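Below is one structure, written out as structure tokens, with a few remarks after it.
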Amino acid sequence: MNEKDILKLIENDPWMMNVLSVAKSVALPDWMIGAGFVRNKVWDFLHGYNNKEVPTADIDLIFYDPTDVSEEKEELLNRLLQEKLNINWSVKNQARMHLKHNKTKPYKNTEEALAEWVEIPTCVAVRLEENGTLKLFAPHGIDDLVNLVVRPTLSQTNNLELFWERIKSKEWEKKWPKLIIKTN
């Protein structure tokens with residue numbers, strides 16, 4: 001499985017394309033949808049599951065806007081998107097997420113922030129471009145994702161407690177028994 005295959009999976013999924021269209025409609029700067037939206041779709045496919053919707057607790061819509069880093073804007077966007085499409089949204093401005101991640105400098109853009117998420121196969125996102133094509137973002141590549149390997153990103157190797165907590169709380173090994181968990 002390669003990047004084109006992943007994009008084709010998403011493109012052939014009417015529910016996912018609708019989610020992306022709704023996200024695009026709010027015209028956020030440097031936006032993308034990541035985490036379980038893409039990761040779970042790939043893992044489901046590789047496990048032979050055929051769900052109508054991607055099994056994810058919420059839609060992780062991230063964007064980058066240093067001109068307004070208020071949580072109020074994110075809350076407003078969550079409500080707006082929920083009105084447009086009644087699913088759980090988690091909208092986060094990556095221009096302020098360096099504070100949550102105890103970084104001294106803000107991220108330069110959304111993709112740099114995406115690279116700092118906890119697990120490598122979670123650091124994958126997609127955007128519906130203006131011309132209607134899909135663009136995949138995978139700052140660590142897709143090898144771990146398509147080989148069902150779950151390992152922490154380099155920035156998280158000193159915080160394996162969070163890594164293991166997420167794996168346990170999300171019950172990934174129960175949902176996707178072919179996963180290979182690694183800490184190196």
Candidate set from the range 55-70 (those that are part of a loop (DSSP other than H, G, I, E, B) and under 12 Å from the mean Cα position of the chain (by Cα)); member that is nearest to F37 (Cα to Cα): T56
Residues being within 15 Å of the chain's Cα centre (by Cα) and either modelled with pLDDT under 95 or part of a strand (DSSP E or B) (or both) - total across the range 136-151: 3
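Evaluate the range 9-24: report whether one residue or more is acidic (D, E) and modelled with pLDDT under 95. Explain how you work it out, then say what you get.
Filtering the range 9-24 for residues acidic (D, E) gives 11, 13.
Of the ones still in play, those that are also modelled with pLDDT under 95 are none.
Looking through the range 9-24, none of the residues is acidic (D, E) and modelled with pLDDT under 95.
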Filter the range 140-184 for residues that are within 16 Å of A115 (Cα to Cα) and of a type in the set (G, A, S) and give the result. G141, S155
What is the one condition in (1) among the charged types (D, E, K, R); (2) over 12 Å from R39 (Cα atoms); (3) in contact with a Pro (Cβ under 6 Å, 6 or more places away or on another chain) that D144 does not satisfy? (2)
Of the numbered conditions (1) touching a helix residue (DSSP H, G or I) at 6+ places or on another chain (Cβ under 6 Å); (2) surrounded by 16 or more Cβ atoms within 10 Å (Cβ to Cβ), L85 fails exactly one; give the number of that condition. (2)
Report every pair of residues separated by at least 6 positions or lying on different chains whose Cβ atoms are under 9 Å apart, first residue within the range 129-150 and among the β-branched types (V, I, T), second surrounded by fewer than 16 Cβ atoms within 10 Å (Cβ to Cβ) and in a strand (DSSP E or B). V149/I180; V149/I181; V150/I180; V150/I181
Can A95 be described as in contact (Cβ under 8 Å) with a residue 12 or more places away in the chain, crowded, with 19+ Cβ neighbours inside 10 Å and touching a strand residue (DSSP E or B) at 6+ places or on another chain (Cβ under 6 Å)? no
From (1) at pLDDT 95 or above; (2) assigned to a loop (DSSP other than H, G, I, E, B); (3) under 13 Å from the mean Cα position of the chain (by Cα), pick out the condition that doesn't hold for K178. (3)
Listing of helices (runs of 4 or more DSSP H) fully contained in the range 71-121 that carry 1 or more residues being out of contact with any Cys (no Cβ under 7 Å at 6 or more places or on another chain) and at pLDDT 95 or above: 71-84, 110-114
Can you find a residue in the range 46-54 that is buried (at least 16 other Cβ atoms within 10 Å of the Cβ) and at pLDDT 95 or above? yes
Which of (1) without any contact (Cβ under 8 Å) to a residue 24 or more places away in the chain; (2) within 16 Å of N88 (Cβ to Cβ); (3) of a type outside the set (A, V, I, L, M) does G34 not meet, given it meets every other one? (1)
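From the set of residues in the range 122-135 that are touching a helix residue (DSSP H, G or I) at 6+ places or on another chain (Cβ under 7 Å) and outside any loop (DSSP other than H, G, I, E, B), which is surrounded by the fewest Cβ atoms within 10 Å (Cβ to Cβ)?
L134
The values are calculated or read from the model by the stated rules, or taken from the named source; none is laboratory data. It should be emphasised that the depicted structure is a prediction, and the values quoted were computed from it without experimental measurement. Ideal geometry is used to build each Cβ from the backbone, glycine not excepted, and the neighbour counts take in all protein chains shown.
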